[in-house]
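For reference, the structure discussed in these notes is given below.
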Amino acid sequence: MNLRAVWAIYRQEMARALRTLLQSVVSPVISTSLYFVVFGSAIGSRITEVDGISYGAFIVPGLIMLSLLTQSISNASFAIYFPKFVGSIYELLSAPVSYLEIILAYVGAAATKSIALGLIILATAALFVPLHIEHPFWMLGFLVLTAMTFSLFGFIIGIWAGNFEQLQLVPLLIVTPLTFLGGSFYSIDMLPPLWRTISLFNPVVYLVSGFRWSFFGASDVSIGVSLGMTLTFLLICVAVVSWIFKTGYRLRN
């Protein structure tokens, strides 16, 4: 494996993040703080506890997951779409760099930025509510696994997108609504039976539930099912990316 090539692409992507620090870090942190003000104060005054957990602390995993999903997809999709847009993707494809090395560099950089942002949001949340993480290693594991999975998903979107409008289509119209409806700000056990059953078809429910379990030891879905669903989505993304590079879909034409 050409580790020098991987490091060069990775370093370039991380340098781009530092140049857009205001957009990459400051903006999501401010948005998270506003969520705490609106949901934590306004709704928290009416819903004091959920499953024995204060509402302000209950929404922390959901807020982190919301930012993690959107930022992972955004970082990875733009990272691969921009070389396509300016035409430099052909230089990359003709260079002595394997497809695996390209994926490792771009997805690794996107996941690194998302994980760092998730930890910053966690530190920000600790300023608003007292937090105790029961399973810190599981928390970090879910953080890394989710970031890698959705960075791969974003990589697929970046290759599929034909313009900037399509680049934003999936995150805005699909991922963000699914995250809001995936138990980020409530427990699906609070829903009527019919809607609770419908919610189980939302893949984000399993991500949020597993991540929340690492904080409080309680979740809507068992930790085994949450982990299994996350790994399944990761394998699907790996399979799709492998097919894209094997066929050259929207890369060679």
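The values are calculated or read from the model by the stated rules, or taken from the named source; none is laboratory data. Given the structure is predicted, the values throughout are model-derived calculations rather than measurements. Here the Cβ is made from the backbone with ideal geometry for all residues, glycine too, and neighbour counts use every protein chain on show.
The set of residues in region 60-92 being in contact with a Phe, Trp or Tyr (Cβ under 6 Å, 6 or more places away or on another chain), under 14 Å from I159 (Cα atoms) and among the small types (G, A, S) consists of A76, A79. Among the residues examined, A109 qualifies as among the aliphatic types (A, V, I, L, M), more than 16 Å from V26 (Cβ to Cβ) and in contact with a Phe, Trp or Tyr (Cβ under 6 Å, 6 or more places away or on another chain). Per the listing I198, I188, the residue uniquely crowded, with 19+ Cβ neighbours inside 10 Å and without any contact (Cβ under 8 Å) to a residue 40 or more places away in the chain is I188. In the set (1) modelled with pLDDT under 80; (2) crowded, with 19+ Cβ neighbours inside 10 Å; (3) touching an Asp or Glu at 6+ places or on another chain (Cβ under 9 Å), the condition left unmet by M1 is number (2). Of all the criteria given as (1) surrounded by fewer than 18 Cβ atoms within 10 Å (Cβ to Cβ); (2) of a type in the set (A, V, I, L, M, F, W, C); (3) more than 10 Å from the chain's Cα centre (by Cα), the one not satisfied by V144 is (3). The residues on offer are L234, L207, and the sole one that is surrounded by 13 or more Cβ atoms within 10 Å (Cβ to Cβ), under 17 Å from the mean Cα position of the chain (by Cα) and under 26 Å from V129 (Cα atoms) is L207.
In summary, helices (runs of 4 or more DSSP H) completely within region 141-223 and bearing 2 or more residues that are of a type in the set (A, V, I, L, M, F, W, C) and within 22 Å of V60 (Cβ to Cβ) occur at 176-180, 203-216. Right, G62: at pLDDT 70 or above and surrounded by fewer than 11 Cβ atoms within 10 Å (Cβ to Cβ) or not? In short, no.
Just name the residue that is modelled with the lowest pLDDT out of those in region 89-134 that are of a type in the set (A, V, I, L, M, F, W, C) and assigned to a loop (DSSP other than H, G, I, E, B). So, considering only residues that are of a type in the set (A, V, I, L, M, F, W, C) and assigned to a loop (DSSP other than H, G, I, E, B), the one modelled with the lowest pLDDT is A95.
Of everything in region 77-88 that is among the small types (G, A, S) and part of a helix (DSSP H, G or I), the residue that is surrounded by the most Cβ atoms within 10 Å (Cβ to Cβ) is S77.
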